[in-house]
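See structure below.
Derivation of every value follows stated rules applied to the coordinates shown; laboratory data play no part. Owing to the predicted nature of the structure, the values given are computational and were not obtained by experimental measurement. As a convention, Cβ positions derive from the backbone with ideal geometry for all residues, glycine included, and neighbour counts pool all protein chains shown.
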Amino acid sequence: EEQKSILLKTSSRFPIPPGVKFSYGTAGFRADALVLESTVYRAGILAALRSIKTRSVIGLMITASHNKISDNGVKIADPSGGMLTQAWEPFADALANATDSDCLLQLIIEFAKEESILIDGHCRAEVLLGRDTRPSGESLLEAAKQGINSIVGSAAIDMGILTTPQLHWMVRARNKGMKASERDYFEQLSSSFRCLMNLVPGECKVKGTDYKLVVDGANGVGGEKLECLMNMLDGLVIEVRNTGKGGGILNEGVGADYVQKEKVVPQEFGSNDIGMRCASLDGDADRLVYFIVPSVSSNNIMLVDGDKMLSLFALFIKEQLSILYKGVDENNPYQARFGVVQTAYANGASTDFLKELGLEVVLTPTGVKFLHEKAVEYDIGIYFEANGHGTILFSDSFLCWLEKRQNELSSMSEGSEPQKAALRLLAVSKLVNQAVGDAFSGLLLAEAILQTLSWSINQWSELYQDLPSRQLKVKVMDRTAVVTANAETVVVKPPGIQEAINAETVKYPRGRSFIRPSGTEDVIRVYAEASTQEGADSLAHSVGKLVE
Ligand code: NG1
Ligand code: ZN
């Protein structure tokens, strides 16, 4: 009864805005910040319930990533540090759209009963809160706290301004009983990076400013945090621009999304950077792309996207595995299941490259939760979206074997190549965020690999030649009218469209095109690739016309 009255009282402070329908989507709730208070309050309730149900620490992150500064959003991190289980998404949607306090209360009571969640104050909930640098974050954080506190026995712990992957990492660490402060996060990244750098073959070591990396912080949280991390690193010189301190606006003409989609030089980069190794983070630092400014004559960049990052990582890991196996006796073979997960947005040339490496490549629908879910099925599962969001997951059983193997190798033949390979793989498993894609993990891993191979960014970029591609978005009345199948490569509804897309696609050498409803915006996205840029543009336009 006490619980009911608290809920009725607090929820009346957060009426839902009229005429807005909220959907948990591919990355949580996202909308104009002005309409989000009730949603974030309710997400707080959900997080507390999830914590009671799982008897674990849950995360709640307030961010709208690469979207414009006036937007905001909220997403929940499950006990593993990954995204909220899909099984709870319908409840999240229902909560966010409940019309008044009574409906809300009713929903909570029913759901708690269904899920056998006992809200009696004995089973304590704990929710870690994080937010990006958006000005609306502060009041939304307050709404989240009120939501969490309205479930009896719950504690909301404000971790402050964080990158999205930092918060997910903390949730995971807490639930594994590990130290989980921001300091611990930076320690883990910097020490595993140091370990990889110590294993760089002597002749490959590059020194000084020649090896400087210039990073675009998207005027968001990533720039500031990277400056902290950078001070703990040896062997890598980083210059951070667009930290947000210089007056630039979050994600405006800057950041990984802008750079990847527009393929142009971000603000504060220009002719002084020609040929330099540059990278862009997105607004909450869970995405990363690299780029080079090739010449003064145009604003275009040479992009090294998520697919190429994936390819570099896959190549490196495959190499380390094969070195490791050379040192493994027949009685002790652990054949790690190694798989690569992409979406339909992956450049066709990258998929060809990975398959030629002999790797197993699978496609899932767009949205990290789908890629992640697939990647955990492997001993080493790498996933990346073309936009630069991705990570590498290691199974416990493989890590356990690797640890043992490393010990054996170090007592048998300390300093041998197989032992180094084992050490490298162990370091990668610690450097790379096991909860979600993390721009800092990706950046440090890419840097360590380039040094290990003694490669320039140009050599990396030349792993394969991207097929020219084009992305468009078409505003429609009802994006849910488009229904897809086979990892979004085929449209099943409305009828006839897929045939029409096929008829267009066959006109272009190496043509490929698909459409899908966005999970984060009210649009249908169109993707096309072909052997020439003109071809890709024209195919995208004709397919776009079919949707309008
Ligand atoms: P939607 O709006 O569903 O296309 C976008 C990105 C996803 C993912 C999410 C979450 C593209 C084409 N889509 O999703 O890859 O990153 O945002 O941030 O880039
Ligand atoms: Zn992001």
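What to note about this one:
- In a DSSP loop and with at most 16 other Cβ atoms within 10 Å, the GluC sites (Glu not before Pro) in the range 281-379 are 330, 377.
- Centre separation in Å (Cα based) which lies between the range 87-104 and the range 396-444: 43 Å
- Ranked packing of 494-501, 213-220, most packed first, by mean Cβ within 10 Å: 213-220, 494-501
- Restraint check, 53/374; 261/545; 21/475; 308/355; 179/225, Cα-Cα greater than 22 Å: 53/374
- Here each label is just a point 7 Å from Cα along the line to Cβ, and for residue 318 and residue 493 those points are 4.0 nm apart.
- Using θ = phi - 60° and Karplus 6.51 cos²θ - 1.76 cosθ + 1.60, couplings along the range 3-11 (whole Hz; Gly, Pro as x): 4, 4, 5, 4, 4, 5, 5, 5, 5
- Antiparallel DSSP beta bridges within the chain, as percent of all bridges there, nearest 5: 55 percent
- Difference of contour (0.36 nm per residue) and Cα-Cα distance, residue 503 to residue 262: 84.0 nm
- One decimal place: the segment residue 521-residue 155 gains 128.5 nm when fully extended, by the rule 0.36 nm per residue minus the C-alpha distance.
- Our coupling estimate for the range 84-95, obtained by passing each phi through the Karplus curve with A = 6.51, B = -1.76, C = 1.60 and θ = phi - 60°, is 3, 4, 5, 4, 9, 4, x, 5, 4, 4, 4, 4 Hz, Gly and Pro reported as x.
- A Förster distance of 22 Å, applied to the separation of the beta-carbon atoms of residue 176 and residue 122, puts the FRET efficiency at 0.35.
- Cα-only Debye scattering, the range 469-547: base-10 log of I(q)/I(0) at q = 0.26 Å⁻¹: -1.26
- Ratio Rg/Rh [Cα only; Rh per Kirkwood] for the range 2-161: 0.92
- MRE, 222 nm, helices only [DSSP H, n ≥ 4, -39500 (n - 2.57), over the chain, to nearest 500]: -13000 deg cm²/dmol
- When both the range 373-388 and the range 218-236 are represented by their alpha-carbon centers, they are found 25 Å apart.
- The Cα atoms of the range 401-545 give a gyration tensor whose axes a ≥ b ≥ c have a/c of 1.5 or more with a/b greater than b/c, which makes the shape prolate.
- Globularity index of the chain is 0.98 (Cα radius of gyration / 2.2 N^0.38 Å, N = number of residues).
- Distance between the 7 Å Cα→Cβ label points at residue 34 and residue 68: 1.2 nm.
- Amide H contacts of residue 279 (H built 1.01 Å from N, under 5 Å, at least 5 apart or other chain): 214, 215, 216, 291
- If the segment from residue 211 to residue 103 were pulled out straight at 0.36 nm per residue, it would be longer than the present Cα-Cα gap by 33.0 nm.
- Partners of residue 4 within straight-line reach, counting aspartates and glutamates whose Cα lies under 19 Å from its Cα and excluding those fewer than 8 residues away in the same chain: 100, 102, 110, 114, 115, 120.
- Gyration tensor verdict on the range 25-107 (Cα atoms; rounded if a/c is under 1.5, prolate if a/b is larger than b/c, oblate otherwise): oblate
- Whole-Å semi-axes of the range 307-443's equivalent ellipsoid (Cα gyration tensor): 27, 15, 13
- Computed label-point distance, nm, for sites residue 249 and residue 462 using a 7 Å Cα→Cβ extension: 4.1 nm
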